[in-house]
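Structure, as structure tokens:
The values are calculated or read from the model by the stated rules, or taken from the named source; none is laboratory data. In this text the structure is predicted, and so the values were computed from the model without any measurement. With ideal geometry, Cβ positions are generated from the backbone for all residues, glycine too; neighbour counts draw on all protein chains shown.
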Amino acid sequence: MGNDLCDVPASLLATHTARDYCVGHMLAVEKHGDLPRVSCDVRVRVVAHAAMSRRDDYELARLVLEFLFQGACRLAAQNCFLGVLSAHPYLHALALHLVAEINPVEKLDTASVECLSIGTWRPQCGEVRIVLDAWGQKCPHLLPSLLTMLDCTPHLQLAIGSWLCEYVGARGGEVEEWCWRVMRRLRIHRVYWRQGWDAPPPSPHPTHLFAHAHALAASSWGHCVPMICSDGVESLYKLATTRAQDALHYLFPIMLVLAQSPESVSTTPRFRDLFTLLINAGPGLFQRALGRGGAPGADSLLRLMLEQLKHEK
């Protein structure tokens, strides 16, 4: 009987009939009252199937999505999110807001995010900032999962990078390691998108190390040769003193810009200091003995130069 219910052509029902049909199943789940051979998970699949088949019924889709978040038959509900959100992609933002609302009451884990098919969400910049603000307040432990799963356009990546800077700044510049991972994943620098290099100056002026890294990727400090040779190289040096691998990460696209004016590197003494610092960076003897700490700085810098040569061909 359960499989037969899933085959009911809900798309042929009138709007009010389809709603009543789904509400009946939802109420049965909430009251734990099963008809013979109709289990909770079958009822969840039935209402989800109705929402999927009625692609123009926005109110029913919203009602079903809220029901799936109520916690009844959690595994069945998680298996239905993909289909409902694929049929109604505009509900992604609502789904993410529901996660933020539920988390303070019921601590959620990353599985609650993975089932939402975040990679298919195509938000506007303002929309994603609203979601990130809510998650930053109500479920910050899930932010790394969300930001890692997002498939971003260039403009959206810029918005996320700016939001991360504000997020870190609001915490006095203290940076959790996941923030660095997400920032490295973002391809903010314009050389990656073959766009013009007329990036604006950083606003506001960087006041912590993470903001300096963001400025190197998103502002004129990493795109305009005179600015690279002044504020840009100073930021790279600051970054290299404590996070050499991150400095190399941000140096790569900047070197592609400087290839248009190679003499600028030789006439800027600070670059010599930067390269010396990077060459001498790397794991200590104890870290190397334990197989930790990454590659020596000289090897990493050599790989960066070889990658640059490939891009110039």
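Yes or no: the range 195-203 includes at least one residue that is closer than 18 Å to residue 168 by Cβ and without any contact (Cβ under 8 Å) to a residue 60 or more places away in the chain.
From the range 195-203, those closer than 18 Å to residue 168 by Cβ are 202-203; that's our starting set.
Remaining after also requiring without any contact (Cβ under 8 Å) to a residue 60 or more places away in the chain: 202-203.
Yes, some residue in the range 195-203 is closer than 18 Å to residue 168 by Cβ and without any contact (Cβ under 8 Å) to a residue 60 or more places away in the chain.
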*asked:* Can you go through 278, 236, 302, 309 and tell me which one is at pLDDT 90 or above and either outside any helix (DSSP H, G or I) or assigned by TED's automatic domain parsing to the domain that holds residue 194 (or both)?
replied: 236
*How many residues does the range 181-233 hold that are hydroxyl-bearing (Ser, Thr, Tyr), at pLDDT 95 or above and under 22 Å from the mean Cα position of the chain (by Cα)?*
1
*Determine whether residue 173 is of a type in the set (Gly, Ala, Ser), more than 21 Å from residue 96 (Cα to Cα), assigned by TED's automatic domain parsing to the domain that holds residue 254 and in contact with a helix residue (DSSP H, G or I) (Cβ under 8 Å, 6 or more places away or on another chain).*
no
_Looking at 187, 181, can you tell me which residue is of a type in the set (Lys, Arg) and either outside any helix (DSSP H, G or I) or closer than 23 Å to residue 65 by Cα (or both)?_
187
*So which helices (runs of 4 or more DSSP H) are wholly in the range 76-159 and hold at least 2 residues that are touching a residue at least 40 places away in the same chain (Cβ under 8 Å) and buried (at least 18 other Cβ atoms within 10 Å of the Cβ)?*
92-102
*When you look at residue 38, is it outside any helix (DSSP H, G or I), more than 23 Å from residue 122 (Cβ to Cβ) and in contact with a Leu (Cβ under 9 Å, 6 or more places away or on another chain), yes or no?*
yes
*Candidate set: the range 66-75, residues that are buried (at least 19 other Cβ atoms within 10 Å of the Cβ) and in contact (Cβ under 8 Å) with a residue 40 or more places away in the chain; chosen: the one nearest to residue 22 (Cα to Cα)*: 67
*Taking only the range 160-212 into account, find how many residues are touching a Pro at 6+ places or on another chain (Cβ under 6 Å) and more than 23 Å from residue 124 (Cα to Cα).*
2
*asked:* Tell me yes or no: at least one residue of the range 155-169 is more than 30 Å from residue 45 (Cβ to Cβ) and of a type in the set (Asp, Glu).
replied: yes
*Quick one: is residue 49 surrounded by 15 or more Cβ atoms within 10 Å (Cβ to Cβ) and closer than 21 Å to residue 140 by Cα?*
no
